[in-house]
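Trainee: Sharing a structure here in structure tokens format.
The values are calculated or read from the model by the stated rules, or taken from the named source; none is laboratory data. Values in this document were obtained by computation on a predicted structure and should not be read as measured data. Here the Cβ is made from the backbone with ideal geometry for all residues, glycine too, and neighbour counts use every protein chain on show.
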Amino acid sequence: MSDVRAATPADMPAVRAVATGFGLLDTWPGRADFLDLEREDGRLWVADGDEGVVGFAGTLSRGTLTHLGDLFVDPRTQSAGLGRRLLSAVLPGAGADVVTFASSDPRALTLYLRHGLRPSQPLWYLNGRPKTPPAGAVRPPPVGVDEVAGLDAEASGGHRGRHLAWYAAQPGVTAWSTRHGYAFTRVHGDACVLGPAGGRDPDACVQAVLAAVGQAADRGLAVSVAVFGAHPAVPALLDAGLRLVDQDTFMTSRDGALDVYRYVPNPDLG
């Protein structure tokens, strides 16, 4: 029977090999990456097969909310319940707030449903090179993590100052602050990953997101962002020239675990 256990530093090359097979590290060309954060400050468990690591699951928690970021098993492996065992290892007990961005894989969806998660709405992945800076977009100043951590906790469902500090320390990452909102961007080459972002209210979140898009447009960067289907920023992002390229399903153990109208997640950190 395959062993399921907590990941160690020595496991990380094998974990990344599995992750690379699913395209998870396409926007992380260097080290460190979000898998390190999951191992160091969240939960990252691996499943061992006959030839080493064949799957992994990872979570990050903010306050009492747990974001399930990863559940992947090498498709060449006969799973024999590995996904179920990995999920049980990394998720908190019954009654805890849990969210995830689920793919269309029916096996994963079934596991999430059995663990009490329910589909809420689509999570859309938008990508493109903004044609022009969005109309009315302000040019916000860069700020330190401490200046936006409180607002992030309100919008995202829980405090995660250490996670934001880790992210801000990665190459190309900047935190921006608008009057009542904030946004993080990570630039590599001519690509810009937007998120997390949030605001004191939905409009403030929209303004923060558009401000970050404006910064990217000024530099001729292509923008990628994950946004909840009901978020009011979606029409403005499409008008700016971004297009829908992929979709997951936002699943949650409880409606209201986070504010989908005030918050735009990071695709990897939640």
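Trainee: If you take the residues of the range 110-139 that are at pLDDT 90 or above and aliphatic (A, V, I, L, M), which of them is farthest from D255 (Cα to Cα)?
Mentor: We begin by selecting, within the range 110-139, every residue at pLDDT 90 or above; these are 110-130.
Those still in the list that are aliphatic (A, V, I, L, M) too: 111, 113, 117, 123, 126.
Details: L111: 19, L113: 15, L117: 10, L123: 15, L126: 24 Å.
Only one residue tops the list, namely L126.
Trainee: Residue by residue through the range 217-235, note down the ones that are closer than 13 Å to T185 by Cα, modelled with pLDDT of 95 or more and of a type in the set (G, A, S).
Mentor: A222, S224, A226 - these are the residues of the range 217-235 that are closer than 13 Å to T185 by Cα, modelled with pLDDT of 95 or more and of a type in the set (G, A, S).
Trainee: On the basis of being aromatic (F, W, Y), in contact (Cβ under 8 Å) with a residue 12 or more places away in the chain and crowded, with 21+ Cβ neighbours inside 10 Å, does Y112 make the cut? Break it down stepwise before answering.
Mentor: Working: aromatic (F, W, Y): yes; in contact (Cβ under 8 Å) with a residue 12 or more places away in the chain: yes; crowded, with 21+ Cβ neighbours inside 10 Å: yes.
Against the criterion (aromatic (F, W, Y), in contact (Cβ under 8 Å) with a residue 12 or more places away in the chain and crowded, with 21+ Cβ neighbours inside 10 Å), Y112 qualifies.
Residue-by-condition table, conditions (1) modelled with pLDDT of 95 or more; (2) in contact with a helix residue (DSSP H, G or I) (Cβ under 6 Å, 6 or more places away or on another chain); (3) buried (at least 18 other Cβ atoms within 10 Å of the Cβ):
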{"residue": "P141", "(1), (2), (3)": "no, no, no"}
{"residue": "A149", "(1), (2), (3)": "yes, yes, yes"}
{"residue": "D152", "(1), (2), (3)": "yes, no, yes"}
{"residue": "H163", "(1), (2), (3)": "yes, no, yes"}
{"residue": "Y167", "(1), (2), (3)": "yes, no, yes"}
{"residue": "H180", "(1), (2), (3)": "yes, yes, no"}
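Trainee: Say whether the condition of being polar (S, T, N, Q) and out of contact with any Lys or Arg (no Cβ under 8 Å at 6 or more places or on another chain) is met by at least one residue in the range 162-173.
Mentor: No: the range 162-173 contains no residue that is polar (S, T, N, Q) and out of contact with any Lys or Arg (no Cβ under 8 Å at 6 or more places or on another chain).
Trainee: Considering only the range 128-137, state which residues are surrounded by 16 or more Cβ atoms within 10 Å (Cβ to Cβ) and either of a type in the set (V, I, T) or in contact with a strand residue (DSSP E or B) (Cβ under 8 Å, 6 or more places away or on another chain) (or both). Spell out the reasoning first.
Mentor: Of all residues in the range 128-137, those surrounded by 16 or more Cβ atoms within 10 Å (Cβ to Cβ) come to 128-130, 133-134, 137.
Across the range 128-137, the qualifying residues are G128, R129, P130.
Trainee: Out of all the residues in the range 179-194, is one or more farther than 11 Å from R262 by Cβ, of a type in the set (D, E) and in contact (Cβ under 8 Å) with a residue 24 or more places away in the chain?
Mentor: Yes, the range 179-194 has at least one match.
Trainee: OK, next. Output the residues belonging to the range 34-53 that are at pLDDT 95 or above and not in a strand (DSSP E or B).
Mentor: Scanning the range 34-53 gives F34, L35, D36, L37, E38, R39, E40, D41, G42.
Trainee: So, one more: Taking F56 and the conditions (1) assigned to a loop (DSSP other than H, G, I, E, B); (2) touching a residue at least 40 places away in the same chain (Cβ under 8 Å), which numbered condition does it fall short on, given that it satisfies the others?
Mentor: (1)
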